[in-house]
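Chemist: One structure coming up, written as structure tokens, with questions to follow.
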Amino acid sequence: MFKINLKIALRNLWKNKTYTAINIGGLALGLTAFILLLLFINNEKSYDTWDPQLKQVYQIRERHDFFTPDNKPRWQHITDSRIGNLLKEKIPQFSAVTKIDNGWGNSYSIKIENKEPILVSDIKNADSMFFKVFPYEFLYGDEKTALSKPFTVVVKQSFAKKLFGTDQVLGKQISVLAWRGDEAKPMTITGVVKDTETPETVAFNAMTHTGRREVDPDRPQSTNYCQVYALATQKLDTTNLNKTLLSTYITFKKANFAKREIKFEDFYKNGYNPGLKAVPMTEVHINPTVNSTWLEKIKPLIAISLFLLLISIINFVNLSTAQSVQRAKEVGVKKVLGVYKQQLVRQFLNEAAIQSFVATLIAVVLVEILLPSFNRQFDINLSFWYNNHLGTLLLQLFGLFLLITLLAGFYPAWIISGFNPVKVLKGNYETSFKGIALRNALVILQFVIAVTFIIGIGVIHLQNEYIAHKDLGFDRSKLINIATNYEDNFVERIKHIPGVQYVGTTTQVMGNSFNVPHEIKYNNQEYNLNTVTVSMETLPALGVEVVKGRIFGSQYKQDTVNTAVLNEAAAKLLGNDVVGKFYKSGKDEFQNTFQIVGVIKDYNNESFDKAVLPTVYKVTELGGTSSTNNLLVKFNTSQNKAVIQAIEKEWSKLYPNFPMQYTSLEAAFKKELQSGERIMQIMLLFSVISVALSLLGLFALSAFMAQRRTKEIAIRKILGASDLQLINMLNRSFLILVITANVISWPVAYILTRQWLTGFAYRIDMPIWPFVIATVSSVLVAILTTSMQARKAAVNNPVNALKYE
Amino acid sequence: MIKLENIEKYYANKGVKNYVLRHVTTQINKGEFVSIMGPSGAGKSTLLNIMGMLEEPTYGSYFFNEEDVTHLGERKKIELYRNHIGFVFQAYHLIDEMTVYENIEAPLLYKNVSSGERKSRIADLLDRFNIVAKKDLFPNQLSGGQQQLVGIARALAAQPAIILADEPTGNLQSVQAEEIMELFKKLNREDGITIVQVTHSEKNAGYGNRIITIEDGVIKEDLKIG
Ligand SMILES: Nc1ncnc2c1ncn2[C@@H]1O[C@H](COP(=O)(O)OP(=O)(O)OP(=O)(O)O)[C@@H](O)[C@H]1O
Ligand SMILES: [Mg+2]
């Protein structure tokens, strides 16, 4: 029985090749997007699962306000380095505790003997306990002693191969420099560990041990922050553990405050509570401390791909129910031959299963094809067949396949097998033809999604254009930013290079900014301003526009002491007429008076979706005190390459062990644009697919409608209806659906896009054009699509249709 | 075999009852070959459909093999279709996507007849109806008469006790019609299969041994012949 049903199914699918292709192709596209997402989610969920022992490893988090974006206390994974010893002494459940320097995301220079230095990321520094907590598999070297001496380093196998071309590197020496001025002190490789199979939170290419991490600061008032991880003797009950941790922490804090003569109650007030807790390693990635979770980030993508899948399922349902007329006779006959409805349902479900199975296979192939560009796009490394959890993945795919089969197949199967045999066998399909209302509703839903997508792209596109061409208030052309501090020697040298116009440093520039709040007193009122420390030539290098007064200049001696320039936002806050006036800042003996010498136009020194803050610009020393690694160099020539080469030459004379890093401001700007553009590209791709799928669905549906009404059309023709009249008649019902869909999508799209726009400080007003274009194009294309079908039916010779009956 | 008691059937239209069948009481015994005749619209097909449980009467009771089947559940009905009743239609109603062989095989599959048994029965039927050469063709590759032969073969495959045929030769030329009628006669005589057919032709009715004439939903005449 199964065999014959399979045969019938294949014959039917073959007979309706076009629709089968649309069904399967649509599902395959929907599934592809979904599988990609699934891979991504699996990957995120697999963080820190590369060894069972990690279930016993905990990340320690402390609540404090150091280095938080808003200067308010938060849970953070960088903790007071003293916590390490505290846990070792006071918490017996922990068998090993390790402290790791918090990397600040900078690149390191690695130098091997006399070779040119190279820049690499993910070099970390830990105390000697690191490999006792994290169960890395040592290929070479002894894990017990690997990091026990200072100036030792353990490298990953892949990294060893990259550096030396082999993993047999035990005993070789490398120098690791965190900063340009560091001394090149060689470290000995004492171990090579295997790369992990799943991603790690504490990812490293090389784990160094300088010995610095072992010591805590002497003075009780100074704190050194690092990451702390602990290995427990067994998997612990986190709630209990955290109670113990908190009470231990409070005792520790009280002792520390006693030495500093601070009252515990004075420190922790206004909702600032002491806090220390352990988070199981396997949950760390899902619960990041500062950033939004990965789930939060990909929510829009999940929504989009669900919609895409929905559209393809709707196509499937619509086409299958429309096609059901063809199967009516089969159902009627089978029923009088003695088939249970249930058996029929199963038969049609099997047909759906065949199609979704093929669709799943195609989707897998598509995923394989698309993965490389998907990986590039999202800067990750996913794979399908080389997935570590291929078993789970296949199981998930099977589940997905079942779900799709049921979603897409059940309703049509139910409808088809519900045909009343007497009616069908009398040739009366129409009255037993159910599900038209639902099908119409589905077509509307499909078009609501498609039209909303089109409007969405329109709005996103306009916003992106607006931002790309927005006046940022500074001139980003011929401007590069070298990742280094201002050092007179270097600056003097490069100033002599022909083509270099200005050289300056700043604490805030697009791509790398460091917020420093600054309280001032002006006219006896307190204001909170953002401070940017610059050097003399910075503002000219940025090409900012002076609104009133002047900007800093070396001819004004006092500029290095007590003058300030405001931006317009700050000037407005203080009451506009500020040039020449004075303000005070600092407390008691540290109080200084500054004179405001000029006002400049607001410029974006941070990401452009952040509003420009009221800002005061100061030059504290001739060179500025900025240590935030920005050195702006403005050229007055377009021979960028030659100038940069000349600068690099000067650099390598001064800092032979550290390669020069720089970005152009144009590139920094592009990078800022990127996230918006990424969403745009994906939206565009998905919308094109969803619109295409919806249209294909409409195309097929109208074909069926026309086919179903062949006899009616023939008779009408004999009665004298013109082709155009017939096309109109066939079009009308679809047109109503598409227009209804548009009416629904306008408010939906309006709400969604407005929501999206509120994420930008600088945004366009809600444009009308995307709405108009979406409606006009969807209606036009729908008419075109259905007309093609209607025309075919209408111009046919009526005799054929009647003879056929 | 079939006992109808006071069967009534009407369609309500705007509150007006349009009677199709009135006070139909009759009995069909095992081994009979009954022809139902009457003018168009008289209610012949409706009566046959009621006998085949494709429609339910509005009033009255129906006994099939002494069992009250007036209001029968879907499952019981299907059991009867599988084992006792075979249908033959005027428009043949073969499944277009199945070959001749597969069409005849279909009811056997639903009855879970073993594959060996299936093969021999189908071979037997194909042979008997002289359509062995056509077994791999699809319905639209056959003439009307051939299609009806397949339709009858399919009805017979499950070895039913009764065949209900609504104008089985209505779409056929007289030569082909005769062939079908001879076949019915033979099945009735030699295999003892009860046959109830609706027909417009006196000649076809002559093949059977009883004629029920219906007019305006009422049995006008019930005549034994032969
Ligand atoms: N679904 C229905 N609704 C209303 N009236 C119906 C319906 N089905 C059948 N009828 C009516 O019942 C009557 C009997 O129909 P039936 O099909 O039994 O006639 P018949 O004797 O088989 O005619 P013919 O020889 O033309 O096939 C007809 O008058 C028909 O109009
Ligand atoms: Mg009839």
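Here, each number is a calculation from the coordinates, and none is a lab measurement. Remember, predicted model here, so these are calculated numbers, not experimental data. No Cβ is skipped: glycine too gets one built from the backbone with ideal geometry, and neighbour counts run over all protein chains shown.
Chemist: Exceeding 21 Å between C-alpha atoms, which entries from my cross-link table qualify? They are A:Lys269/A:Lys521; A:Lys341/B:Lys111; A:Lys548/A:Lys572.
Modeler: A:Lys269/A:Lys521
Chemist: How big is region A:14-135 by the Kirkwood estimate over distinct Cα pairs, in Å?
Modeler: Hydrodynamic radius (Kirkwood, Cα only) of region A:14-135 equals 19.7 Å.
Chemist: Let me ask another. Which of the aspartates and glutamates could a cross-linker bridge to B:Lys203, judged by Cα under 14 Å and excluding same-chain residues fewer than eight apart?
Modeler: B:Glu167, B:Glu178, B:Glu179, B:Glu182
Chemist: Taking 0.36 nm per residue of sequence separation and subtracting the Cα-Cα distance, how much length would be gained by fully extending the chain between A:Thr166 and A:Leu119, in nm to one decimal?
Modeler: This chain segment gains 15.0 nm when fully extended.
Chemist: Multiplying the sequence separation of A:Asn576 and A:Ile751 by 0.36 nm and subtracting their Cα-Cα distance, what value in nm do you get?
Modeler: 59.2 nm
Chemist: Can you tell me the FRET efficiency between A:Asn464 and A:Leu735 if r is taken as the Cβ-Cβ distance and R0 is 30 Å, rounded to the nearest 0.05?
Modeler: Computed FRET efficiency for A:Asn464 and A:Leu735: 0.35.
Chemist: Mind checking the log10 I(q)/I(0) for region A:287-369 at q = 0.27 Å⁻¹? Debye, one equal scatterer per Cα, no solvent, two decimals.
Modeler: -1.28
Chemist: Find which of A:Gln173, A:Phe257, A:Ile689 sits farthest along the positive direction of the dipole of the protein assembly as shown, computed with +1 on the beta-carbon of Lys and Arg, -1 on that of Asp and Glu, about the Cα centre.
Modeler: Selected residue: A:Ile689.
Chemist: Also: Taking the beta-carbon count within 10 Å as an exposure proxy, list A:Ser121, B:Ser40 from fewest neighbours to most.
Modeler: Sorted ascending by nearby Cβ count, the order is B:Ser40, A:Ser121.
Chemist: Which number do you get for Rg(Cα) / (2.2 N^0.38 Å) in chain B?
Modeler: In units of the globular-protein estimate, chain B measures up at 1.02.
Chemist: May I ask you to derive the relative contact order of region A:484-660, considering only C-alpha pairs under 8 Å and at least 6 residues apart, and to give it as an integer percent?
Modeler: About 35 percent, as a whole number.
Chemist: Here's another thing I want to ask about it. Counting only DSSP beta bridges with both residues in the protein assembly as shown, tell me the antiparallel percent, nearest 5.
Modeler: So the antiparallel bridges in the protein assembly as shown amount to around 75 percent.
Chemist: With 10 angstrom as the radius, rank A:Arg213, B:Arg154, A:Arg11, B:Arg189 by how many other C-beta atoms surround their C-beta, starting from the fewest.
Modeler: Ascending number of Cβ neighbours within 10 Å: B:Arg189, A:Arg11, A:Arg213, B:Arg154.
Chemist: Turning to a different aspect of this structure: Over region A:1-72, how many pairs of lysines fall under 25 Å by alpha carbon, counting only those 8 or more apart in sequence or from different chains?
Modeler: 5
Chemist: Along the principal axes of its C-alpha atoms, what lengths does the protein assembly as shown span, in descending order and rounded to whole Å?
Modeler: If we take the Cα atoms of the protein assembly as shown, the spans are 134, 67, 57 Å.
Chemist: Going down the table (A:Lys99/A:Lys253; A:Lys335/B:Lys185; A:Lys156/A:Lys649; A:Lys162/A:Lys185), which pairs top 24 Å between alpha carbons?
Modeler: Long pairs (Cα-Cα over 24 Å): A:Lys335/B:Lys185; A:Lys156/A:Lys649.
Chemist: Less than 14 Å apart at the alpha-carbon level, and either on another chain or at least 8 residues along: which aspartates and glutamates does that give for B:Lys30?
Modeler: Of all the aspartates and glutamates, those that pass the test against B:Lys30 - Cα under 14 Å, at least 8 places apart if same chain - are B:Glu66, B:Glu190, B:Asp191.
Chemist: Here is a follow-up. What pairs from A:Lys478/A:Lys670; A:Lys88/A:Lys149; A:Lys329/B:Lys186; A:Lys132/A:Lys194; A:Lys88/A:Lys259; A:Lys161/A:Lys671 go past 26 Å between their alpha carbons?
Modeler: Result: A:Lys329/B:Lys186; A:Lys161/A:Lys671 exceed 26 Å.
Chemist: Also: Checking a compactness column here: for region A:52-284, what do you get for Rg(Cα) / (2.2 N^0.38 Å), N being the number of residues?
Modeler: Region A:52-284 yields a ratio of 1.08.
Chemist: List the aspartates and glutamates whose Cα sits under 12 Å from the Cα of A:Lys124, skipping any in the same chain fewer than 8 residues away.
Modeler: Excluding near neighbours in sequence, the set is A:Asp101.
Chemist: Something else about it: How crowded by other chains is B:95-107, given as the mean number of beta carbons from other chains within 10 Å of each beta carbon?
Modeler: Shielding by partners across B:95-107 averages 5.
Chemist: Taking each residue in A:333-346, count the Cβ atoms of any other chain within 10 Å of its Cβ, then average. What number comes out?
Modeler: 6
Chemist: What is the diffusion coefficient of region A:484-660 in µm²/s, taking the Kirkwood radius over Cα pairs and the Stokes-Einstein relation at 37 °C with a viscosity of 0.692 mPa s?
Modeler: 192 µm²/s
Chemist: Along the Cα→Cβ direction, 7 angstrom out, place labels at B:Val175 and A:Glu214. What is the inter-label distance in nm?
Modeler: Once both label points are built, they end up 11.2 nm from each other.
Chemist: What does the helix-only formula give at 222 nm for the protein assembly as shown: each DSSP H stretch with n ≥ 4 adding -39500 (n - 2.57), the total divided by the residues, and the result rounded to the nearest 500 deg cm²/dmol?
Modeler: The helix contribution divided over the protein assembly as shown gives -15500 deg cm²/dmol.
Chemist: List every DSSP H helix in chain A whose Cα atoms extend 27 Å or more along the helix's own long axis and whose mean Kyte-Doolittle hydropathy is at least 0.5.
Modeler: A:17-45, A:294-337, A:341-378, A:390-417, A:436-468, A:665-708, A:723-757, A:769-795
Chemist: Using a 7 Å offset from the Cα along the Cα-to-Cβ direction at both A:Thr233 and A:Leu295, what is the distance between the two label points in nm, to one decimal?
Modeler: My value for the distance between the label points is 3.4 nm.
Chemist: Then there is this: With contacts defined as alpha carbon pairs under 8 Å and 6 or more residues apart, what's the relative contact order of chain A in percent?
Modeler: With pairs under 8 Å counted, the relative contact order is 15 percent.
Chemist: Going by how many other Cβ atoms sit within 10 Å of their own, how do A:Val547, A:Val612 line up, fewest first?
Modeler: Listing A:Val547, A:Val612 from fewest to most nearby Cβ atoms yields A:Val547, A:Val612.
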